[in-house]
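The values are calculated or read from the model by the stated rules, or taken from the named source; none is laboratory data. All figures in this text were calculated on a predicted structure; none of them were measured in a lab. Note: ideal-geometry Cβ built from the backbone for every residue, glycine included; neighbour counts use all protein chains shown. Note: accessible area is taken over every heavy atom of the protein model, side chains too, but ligands, DNA and RNA are not part of it. Shrake-Rupley method; radii C 1.70, N 1.55, O 1.52, S 1.80 Å.
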Amino acid sequence: MIVGSNEFTIEEKQMETLYIDETVGERQTAKLKALRSRRDNAEVTRRLDALKRAAAQEPVVPNDGNISQANTMPYIIDCVRAYATVGEICQALKEVYGTYTEVSIT
């Protein structure tokens, strides 16, 4: 007797596969193009550059109890307010930090 295989099995319905039509991607692409055309791209570039500078700083906790100037969260919020995309923000951080690759230890 093997529990779950030939004894005490549970009848489960097969999960339905979610299918997303290609028109969804086309609509998202159109929305992204419209966003990029109506936003202030120079402002987005300035905010992304400020984010890169903040990310490049070495975090140092000041003695007065304030947050380190290397805190990137305010700069990320500024980028979002300027309508930078998540991909643009990630690319800016990737330019500073690089891409993590796991080291295999065997």
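Please count how many residues of segment 33-51 are of a type outside the set (A, V, I, L, M, F, W, C), assigned to a helix (DSSP H, G or I) and surrounded by fewer than 15 Cβ atoms within 10 Å (Cβ to Cβ). Before you say what the answer is, go through the steps one by one.
Narrowing segment 33-51 to residues of a type outside the set (A, V, I, L, M, F, W, C): 33, 36-41, 43, 45-47, 49.
Those still in the list that are assigned to a helix (DSSP H, G or I) too: 33, 36-38, 41, 43, 45-47, 49.
Now restrict to residues that are surrounded by fewer than 15 Cβ atoms within 10 Å (Cβ to Cβ): 33, 36-38, 41, 45-46, 49.
Summing the residues that are of a type outside the set (A, V, I, L, M, F, W, C), assigned to a helix (DSSP H, G or I) and surrounded by fewer than 15 Cβ atoms within 10 Å (Cβ to Cβ) in segment 33-51 gives 8.
Within segment 10-28, count every residue that is open to solvent by 70 Å² or more (accessible area, probe 1.4 Å) and either at positive phi or hydroxyl-bearing (Ser, Thr, Tyr) (or both).
Taking segment 10-28 and keeping what is open to solvent by 70 Å² or more (accessible area, probe 1.4 Å), we get 10-22, 26-28.
Filter once more, so that each one left must be either at positive phi or hydroxyl-bearing (Ser, Thr, Tyr) (or both): 17, 19.
Going through segment 10-28 one residue at a time, the tally reaches 2.
Among the candidates 55, 30, single out the residue that is of a type outside the set (S, T, N, Q), within 16 Å of residue 96 (Cβ to Cβ) and in a helix (DSSP H, G or I).
Values: 30 fails: within 16 Å of residue 96 (Cβ to Cβ).
When all the criteria are applied, what remains is 55.
Residue under question is residue 64, and the condition is that it be acidic (Asp, Glu) and surrounded by 10 or more Cβ atoms within 10 Å (Cβ to Cβ); does it hold? When the stated conditions are applied, residue 64 does not pass them.
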